[in-house]
Amino acid sequence: MSDTPGGDGSSGEVNRRPGSRPVNAVKRVLRRRRKPAEPPALLRTPKPSLTYRLVSYLLVFPVYRLLFRGRTAGNANVPQEGALVVVANHGSHLDPPLLGHALGRPVAFMAKAELFRVPLLGPIIRACGAYPVARGASDREAIRTATDRLEQGWATGVFIDGTRQVDGRVNDPQAGAALLAARAGVPLLPVAIINSHRAWGTGSSRARLVPVHIRIGTPIQPPASRKRADLDAATAACQAQINALLDQGLISGAALPPAAERSALPPSS
């Protein structure tokens, strides 16, 4: 009798050979049982941390609502679950925290890696969903990092011009947001931040207490492919919608109804 593990030479050889049929059959069964990954657009959104809630309620809320007389329109357009690319104009350093507060769900933004080493500031922006991008990092690396956030179910914020604009409008849109949406298969949500460039724009040494309002547009489906023509079409659609929202000006009329006010705050659970 053979002293091989299987009791005879042939069965022992089967157990030792990684490419044997029994082993492959087991692998096929395991693959069939494995649950397929959910698309990012269907994932549950990560819950905001305690630090995020404290910063939003105790700091951003009074700054936005009281100092800048902030108001929001279009909260019903914001999907509260699943990954999402939030596309906005950029006129001020105030824009990232105001967007995350007004949309009613945390929004992850890229931030310079140096900011994460600043005492107090670093832990706060990390808790609020910001993620570091090294100075001089390639566009490909930044896109990969943002895609990782989308695959976790985050709403990921992109300023479509890439840098602050003096007039606060979308003047030179880049295709990065559309590429993100195409890679992850998630919708784009255009958002217009009105007047932030006047409140604390480029070249301003101090803030001006002018009204800052946010108008939220309607979602745009992800580009059909990563081809340049499809990316450019989605980018142009975002630019047109954001600038049209800006052209509507400040939000007028009676105060927002209670339901809208509640939806403009981060979720409580």
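Values computed for the structure shown
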{"read-out": "Along principal axes, Cα extents of region 40-263, largest first, whole Å", "value": "44, 40, 37"}
{"read-out": "Förster radius 22 Å - calculated FRET efficiency between Arg226 and His93 (Cβ-Cβ, nearest 0.05)", "value": "0.10"}
{"read-out": "Long-range amide H partners of Leu84 with built H, under 5 Å", "value": "Ala155, Thr156"}
{"read-out": "Shape category assigned to region 154-228 from the gyration tensor of Cα positions, a/c cut at 1.5", "value": "prolate"}
{"read-out": "Overall form of region 36-127 per C-alpha gyration tensor (a/c, 1.5; a/b vs b/c)", "value": "oblate"}
{"read-out": "By average C-beta atoms within 10 angstrom, highest first, the peptides 77-85, 192-200", "value": "192-200, 77-85"}
{"read-out": "Cα shape, region 101-188, gyration tensor, a/c 1.5 rule", "value": "rounded"}
{"read-out": "Whole-Hz ³J(HN,Hα) from phi, Karplus 6.51 cos²θ - 1.76 cosθ + 1.60, for region 70-87, glycine and proline x", "value": "x, 9, 10, 10, x, 4, 5, 7, 8, x, 8, 10, x, 5, 7, 9, 8, 10"}
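Read-outs: derived from the displayed coordinates by stated rules, not from any lab. This structure is a prediction, so every number in the text was calculated from the model and none was measured. Using ideal geometry, Cβ is built from the backbone for each residue, glycine included, and neighbour counts are taken over all protein chains shown.
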